[in-house]
Every structure is written in structure tokens, then in C-alpha cells.
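Scroll down for the structure; my scribbles are underneath it.
The values are calculated or read from the model by the stated rules, or taken from the named source; none is laboratory data. Because the structure is predicted, anything quoted here is derived from the model rather than measured. Positions of Cβ are generated from backbone atoms using ideal geometry, with glycine treated the same way; all protein chains shown enter the neighbour counts.
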Amino acid sequence: MNRVRKIIHTDYAYRSGLTGKNVTVAVMDTGIAPHPDFGKRIRAFADFYYGKTGLYDDNGHGTHVSGIIAGDGAVSRQTNGSAIYRGIAPEAEIVMLKVLDEKGNGSTERVLRGLEWLIKHKDLYHIRLLNISVGMLPGAGKREQRELLDAVDDVWKRGIMVVAAAGNNGPRDNTVTIPGISRKILTVGSCDDARAEGVGKGLKSGYSSMGPTECCIVKPEILAPGTDITSCARDGRGYLSKSGTSMAAPVVTGALALAFQKYPHFAPAEMKLRLYERAYPRGASFGKKSWGVIHVDNLVRGPVDFS
């Protein structure tokens, strides 16, 4: 995670005291284990697969994603006080919506139920962000596609910024998964998908899915590190490394939690525009069809003029 923080430039943000405090992030995934790195910051857990009430993750993907966003690195704390595997927003709070089973499989119906729950409870938990590190290929039924896209767009319109992984079907064009093809929501790709670590882990070099969409929209808009990311393991004690745009998306979600802490009155569209204006390096500079890499210090630096 120290490598990640260096790539996305977080020094100024942390020196300014930004930690994601008072920002709640919803995560749609496989669940979450009661890892010490989350402390008491798991606000709610809703299981749309098996209907259980206690915290659990029978796959590990959701725990890993949540750790990237909001783990405080407690288990990895060193004698000098530093936490090697601290997440991007270590004081943000998590609401976990389990919509996937132990194999990482799910259904559109469960995701839609999760989105309905999210809208119903967004004010209760003050939810500002939704991370979706799962997706379905464009080959899915047109009706399912439309239902899911309409649902995530509705979440966005209600004031929750939706961040979705682009998918791992690159490097061919037009491979972004659903709901990442939505015009409204923010879609995240991996900026380090050519790294050797990604090869041999079920991912090929250049795995990050590419746009444009059928509507000729640039996707993914923003990039972040996604290869060989170490975060919380579901055993509740240790850490493990995973690669994919599923890991890049929560890096961006965590960064946005820092930004929403500083600019709590921003609407999702305002934050998305700020991301566009302040991404660096730009995508064209290294051959990526995107805005560029998220630059957290640019994102949170300076006042905002609402006049």
C-alpha cells in the first residue's frame, strides 16, 4: 500500500489531516470479515445471498476490497507506529452489502435488491460512496443490463457517488463490464496492468478493460494501481495480495472518501468534474484512453468557489 500511496500522491492529503473520518462507504461484494483493521467502523451488514446477520466473508474478495478503502493497518503496525497495509481512508466507515456467494458469483436480482436497500438506508448511515468491484459482460441479457444501469444511475442521482471496476478483459477495446459502461458513474481501470506481477495470477499483461462504450464514451475515466495490492484477508488476522481492476476501484473510492471529508457538500457530478480536471499524469501521456491517474493531492488541494 505504500507503493500505491506514492503513485496516487497522498502526502498533502494526510498532512492536512484527511483520513475519511465521518464518510461512510457502501461496498457491494462477497461480505466482510471482522478483521481488526476495521475496528468498530463497520456500520451495517446486509446479506442478500444467505440472509445471515453476523459479519462474514466466505470468499475474501469483499474483505480485501474494504481493507483497501478503509483498513487502518492495525495488524501491520510497526514499532515506529507506521502501518504498512493501511488503507487509503483509514477512518472511513463501511456498510457491506453481500450480493455474491463463496465463488464470487451473483445475480442481477440480488444486486438490484442491494441497491434498493442502499437507497432506503442512505440517510440513516450518511452514505456518500458506493464501491462496485464486480460486473457482468455486455453479453448479458439486454433487459438485465438496462435494469442494472438504470438502478446505479438512480443511486447516483440520489447523491451517492458510484465507483465501479472496469473489468479484467483488456487490452481489447469495448471490454468494460456492466455497470461500468454507465454514462454517469465513475469507472476505474488499472494503471499498472503491464506489471509482471499480474501475469501468472489469472491475469494477462494489459488486463484492464478498455472503452469506448457503444455510445463512444471514454471508459474507464480514471486509473489507479490495481496489481499486487496487499490488503485484509478473510481469516481476520493477516493480509494477502490480489490483482485486478477490483483492487484499483477501491483505491479510488478511498481517495474520494478523503475528498468528501474536505468537501462534504459536493454532489457526485461536481466531484467527478474535479477528478477530470486534476488527474495526472493524463491518460494520453502513457497510451491509455482515459482521463489519467488519480492524483489525490491535486484533488483535495485548494478552496472551492461555488459562486
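Values for this structure:
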item	result
Selection within the range 34-86 - of a type in the set (Asp, Glu), within 19 Å of the chain's Cα centre (by Cα) and not in a helix (DSSP H, G or I)	Asp57, Asp72
Selection status of Lys98, at pLDDT 95 or above and over 14 Å from Met28 (Cα atoms)	no
Residue list for the range 238-256, filter: crowded, with 24+ Cβ neighbours inside 10 Å, within 16 Å of Arg3 (Cα to Cα) and among the polar types (S, T, N, Q)	Ser243
Qualifying positions in the range 117-152 - in a helix (DSSP H, G or I), of a type outside the set (A, V, I, L, M), in contact (Cβ under 8 Å) with a residue 24 or more places away in the chain and more than 22 Å from Lys21 (Cα to Cα)	Trp117, Glu144, Gln145, Glu147
From the options Thr30, Thr63, residue that is among the polar types (S, T, N, Q), out of contact with any Leu (no Cβ under 6 Å at 6 or more places or on another chain), in contact (Cβ under 8 Å) with a residue 40 or more places away in the chain and buried (at least 24 other Cβ atoms within 10 Å of the Cβ)	Thr63
Those residues of the range 1-30 which are farther than 30 Å from Asn105 by Cβ and part of a helix (DSSP H, G or I), in sequence order	Asn2, Arg3, Arg5, Lys6, Ile7, Ile8, Asp11, Tyr12, Ala13, Tyr14, Arg15
Given (1) modelled with pLDDT of 95 or more; (2) surrounded by fewer than 18 Cβ atoms within 10 Å (Cβ to Cβ), number of the condition Leu55 does not satisfy	(2)
Unmet requirement for Arg172, which otherwise passes all of (1) assigned to a helix (DSSP H, G or I); (2) over 21 Å from the mean Cα position of the chain (by Cα)	(1)
Filter result for Gly170 (touching a Ser or Thr at 6+ places or on another chain (Cβ under 7 Å), at pLDDT below 90 and not aromatic (Phe, Trp, Tyr))	yes
Any hit, the range 139-150, residues being surrounded by 21 or more Cβ atoms within 10 Å (Cβ to Cβ) and in contact with a strand residue (DSSP E or B) (Cβ under 7 Å, 6 or more places away or on another chain)	yes
Matching residues, the range 217-237, being more than 16 Å from Val188 (Cα to Cα), surrounded by fewer than 24 Cβ atoms within 10 Å (Cβ to Cβ) and in contact (Cβ under 8 Å) with a residue 40 or more places away in the chain	Thr230, Ala233, Arg234, Asp235, Gly236, Arg237
Residue satisfying condition, being out of contact with any His (no Cβ under 7 Å at 6 or more places or on another chain), at pLDDT below 95 and either closer than 18 Å to Ser182 by Cα or crowded, with 24+ Cβ neighbours inside 10 Å (or both), within set Ser307, Ser290, Ser285	Ser290
Residue under evaluation Ser133, criteria (1) modelled with pLDDT under 95; (2) on the phi > 0 side of the Ramachandran plot, criterion not met	(2)
Tally of residues being of a type outside the set (Ser, Thr, Tyr) and either under 10 Å from Ile88 (Cα atoms) or crowded, with 20+ Cβ neighbours inside 10 Å (or both) across the range 5-21	5
Flag for Ser209 being within 25 Å of Ile94 (Cα to Cα) and over 15 Å from the mean Cα position of the chain (by Cα)	no
Any hit, the range 266-276, residues being within 12 Å of Leu186 (Cβ to Cβ), of a type in the set (Phe, Trp, Tyr) and touching a residue at least 12 places away in the same chain (Cβ under 8 Å)	yes
Residues being surrounded by fewer than 18 Cβ atoms within 10 Å (Cβ to Cβ) and under 20 Å from Ala224 (Cα atoms) - total across the range 66-116	1
Sole exception among (1) out of contact with any Phe, Trp or Tyr (no Cβ under 6 Å at 6 or more places or on another chain); (2) over 23 Å from Tyr56 (Cα atoms) for Arg128, by number	(1)
